[in-house]
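> A single structure is presented below for examination.
The values are calculated or read from the model by the stated rules, or taken from the named source; none is laboratory data. All values derive from a computational prediction rather than experimental measurement. Ideal geometry is used to build each Cβ from the backbone, glycine not excepted, and the neighbour counts take in all protein chains shown.
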Amino acid sequence: MQDADLLYTPVWKLREMLDAQQVSSVELTELFLRRIERLNPQLNAFLTVTGDEALQWARAADEQIRAGAANRPLLGIPISIKDLEATKGIRTTMGSLVFQDTVPEMDSVVAERVRASGAIILGKTNTPEFGLQGTTENRLGEPCRNPWNTERTPGGSSGGAGAAVASGMCPIATGTDGGGSIRNPSSFCGLFGIKPTLGRVPRAGGLGRPAPNLTSQPGPMARNVRDAAILLQVLAGHDSRDPKSLRDRPADYLAGLEGGARGLRIAWSSDLGYAAVDQEVLAISSQAARVFEELGCTVDEPALQLDNPVPAFLTIFYTNNYASYGHLLDERPQDLTDNARNCLEQGRQATAVDYAGALRYVEEMQAQLDELMESYDLLLTPTMAVAPFPVGQFPERIGGKEVTARSGYSPMTRPFNLSGQPAASIPCGFSSDGLPIGLHIIGRRGDEATVLRASAAFEQAKPWAHLRPDIA
């Protein structure tokens, strides 16, 4: 197999090749490290590359495989970890000058589980400071760029992960999603990514001062649904260190992938009742939603009218981040980005009444969505309101309407962070200038399995993994 093809071989196939000793983990790791060395100066997807350490771990994996001890799901598979996760012995920056030299002495739960799976950590992927925006720029270096067009953003805050997987710098990645940060770059980079149900993947062991986690979930980003299901199985499951961690046993995600979508009841909403959406994005995603009719599903368009969740979301988001990082406004203001300072100042100014009002909104919205999901198995929307836009140029008008520049391009991801529902973005087409568009698939709380099953059926009907960005 040619190196170019091996770079884009699915994780599940690489595992088969490793077990059959058709390729070694060292060979794979060297291949991806060379790819990183060649492309990262263009894309800025990685903030830290492990290099020699990764090769040591790969040699150990090869020894286990030769000894017949290949019983771990990702043994020998190269992977990247978003740089919001603490990694023992590997620099963890949080996308910030404040932490640029920090080497933790412990792993987050996500990093701990990735290591236990046998995966080879290639490095830490780029993120905006503390994950506080939906594009990937910080003061640690140049902006992260989209491999489909390097003038465009890959999204964020898991933009480094999106750029790395889409460009073949790694076959799979972890991301985090507190307001769309897995789904946003998955849509912009032509990947499949899923935000699990709140609490499905434990959050513990990070840097900063702990604050209540009301919205954020780690999850997988991959070039196909099966690979994402494999990584989600590794990450999911209760951990007592996270009080929000769900106690029920996760489903067998792989077992359900072949079940097809026939019989599912699906709701489609173009705007959730409030969002401005680009007409080309809307046309592509609505056509994709109708594919589920061909797969034997019922697809309706109920009159869903949510109140705009952005004010409540931002109150919770800013306040929680102020609880974690607000002390830096006094201690290290010169080291913060303008965006981070603004977010933390907004959190400092929020009152208890503001916070209580936001929580009340969440309860009301959850009730509205729960009522909808009594009649439907899945809800579909466009993932993003626009195709990837030029780095640093946030759209101010979408679909003929004025929008808030730093939030208007991603209006339909945040409600499902607030509701805690699982939600995925799946590639569904390309804009007229060749940029990826994503379809948003939302399930009932606790039911990642149906989201994955429907996504796998769509992927089989409209495959995309053979499509690659033209980047050398």
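> Going through region 89-136 one residue at a time, which ones are surrounded by fewer than 24 Cβ atoms within 10 Å (Cβ to Cβ) and either basic (Lys, Arg) or closer than 19 Å to residue 186 by Cβ (or both)?
Correct list: 91, 113, 115.
> Here are 3, 52, 83: which of them is of a type in the set (Asp, Glu) and under 20 Å from residue 221 (Cα atoms)?
From the options 3, 52, 83, the qualifying one is 83.
> Can you name every residue in region 11-68 that is in contact (Cβ under 8 Å) with a residue 60 or more places away in the chain, among the small types (Gly, Ala, Ser) and in contact with a Gly (Cβ under 7 Å, 6 or more places away or on another chain)?
If the condition is that a residue be in contact (Cβ under 8 Å) with a residue 60 or more places away in the chain, among the small types (Gly, Ala, Ser) and in contact with a Gly (Cβ under 7 Å, 6 or more places away or on another chain), then 25, 45, 58 are the ones that fit.
> Filter region 12-61 for residues that are under 23 Å from residue 142 (Cβ atoms), out of contact with any Cys (no Cβ under 8 Å at 6 or more places or on another chain), outside any helix (DSSP H, G or I) and not aromatic (Phe, Trp, Tyr) and give the result.
47, 48, 49, 50, 51
> Another question, then. Got a number for residues in region 141-184 being in contact with a Gly (Cβ under 8 Å, 6 or more places away or on another chain) and either without any contact (Cβ under 8 Å) to a residue 40 or more places away in the chain or of a type in the set (Lys, Arg) (or both)?
Count: 2.
> Can you name every one of the helices (runs of 4 or more DSSP H) wholly within region 297-353 that holds 3 or more residues which are among the polar types (S, T, N, Q)?
Here the list reads 310-325, 338-349.
> Okay, moving on. Got a sec? Which of 427, 436, 390 is under 21 Å from residue 266 (Cα atoms) and touching a residue at least 60 places away in the same chain (Cβ under 8 Å)?
427
> Quick one: what pairs do we get from region 324-338, first residue free of Cβ contacts under 8 Å to residues at least 60 places away in the same chain, second of a type outside the set (Gly, Ala, Ser) and buried (at least 18 other Cβ atoms within 10 Å of the Cβ), C-beta under 7 Å, 6+ apart or different chains?
Final answer for the pair search is 326/344; 329/344.
> Evaluate the following for residue 282: is it modelled with pLDDT of 95 or more and hydrophobic (A, V, I, L, M, F, W, C)? Reasoning before the result, please.
Numbers: modelled with pLDDT of 95 or more: yes; hydrophobic (A, V, I, L, M, F, W, C): yes.
Answer is yes for this residue.
Let's see how each residue does on (1) surrounded by 24 or more Cβ atoms within 10 Å (Cβ to Cβ); (2) small (Gly, Ala, Ser):
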| residue | (1), (2) |
| --- | --- |
| 393 | no, no |
| 404 | no, no |
| 408 | no, yes |
| 443 | yes, yes |
| 461 | no, yes |
| 468 | no, no |
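> Take residue 74 and decide whether it is under 16 Å from residue 172 (Cα atoms), touching a residue at least 24 places away in the same chain (Cβ under 8 Å) and either among the hydrophobic types (A, V, I, L, M, F, W, C) or part of a loop (DSSP other than H, G, I, E, B) (or both). Full working, then the answer.
Values: under 16 Å from residue 172 (Cα atoms): yes; touching a residue at least 24 places away in the same chain (Cβ under 8 Å): yes; either among the hydrophobic types (A, V, I, L, M, F, W, C) or part of a loop (DSSP other than H, G, I, E, B) (or both): yes.
Spelling it out, residue 74 is indeed under 16 Å from residue 172 (Cα atoms), touching a residue at least 24 places away in the same chain (Cβ under 8 Å) and either among the hydrophobic types (A, V, I, L, M, F, W, C) or part of a loop (DSSP other than H, G, I, E, B) (or both).
> Please go through region 394-427 and pick out each residue that is touching a Ser or Thr at 6+ places or on another chain (Cβ under 6 Å) and not small (Gly, Ala, Ser).
Those that are touching a Ser or Thr at 6+ places or on another chain (Cβ under 6 Å) and not small (Gly, Ala, Ser): 412, 417, 422, 426.
> Further, regarding this structure: Which of the numbered conditions does residue 381 fail, given that it passes all the others? Conditions: (1) of a type in the set (S, T, N, Q); (2) part of a helix (DSSP H, G or I); (3) touching an Asp or Glu at 6+ places or on another chain (Cβ under 9 Å).
Residue 381 satisfies every listed condition except (2).
> Among (1) more than 23 Å from residue 153 (Cα to Cα); (2) assigned to a helix (DSSP H, G or I); (3) hydrophobic (A, V, I, L, M, F, W, C), where does residue 188 come up short?
Residue 188 satisfies every listed condition except (1).
> Report yes if some residue within region 146-158 is within 18 Å of residue 335 (Cβ to Cβ) and touching a helix residue (DSSP H, G or I) at 6+ places or on another chain (Cβ under 9 Å); otherwise report no.
Within region 146-158, the subset within 18 Å of residue 335 (Cβ to Cβ) is none.
There is no residue in region 146-158 that is within 18 Å of residue 335 (Cβ to Cβ) and touching a helix residue (DSSP H, G or I) at 6+ places or on another chain (Cβ under 9 Å).
> Residue 283 fails exactly one of the following numbered conditions: (1) aliphatic (A, V, I, L, M); (2) surrounded by 21 or more Cβ atoms within 10 Å (Cβ to Cβ); (3) not in a loop (DSSP other than H, G, I, E, B). What is the number of that condition?
Failing condition for residue 283: (2).
> Let me ask something else about it. Among (1) crowded, with 16+ Cβ neighbours inside 10 Å; (2) closer than 24 Å to residue 232 by Cβ, there is one condition residue 40 misses while meeting the rest; what is its number?
(2)
> If we scan region 59-74, do we find a residue that is closer than 22 Å to residue 192 by Cα and buried (at least 20 other Cβ atoms within 10 Å of the Cβ)?
Yes - at least one qualifying residue is present in region 59-74.
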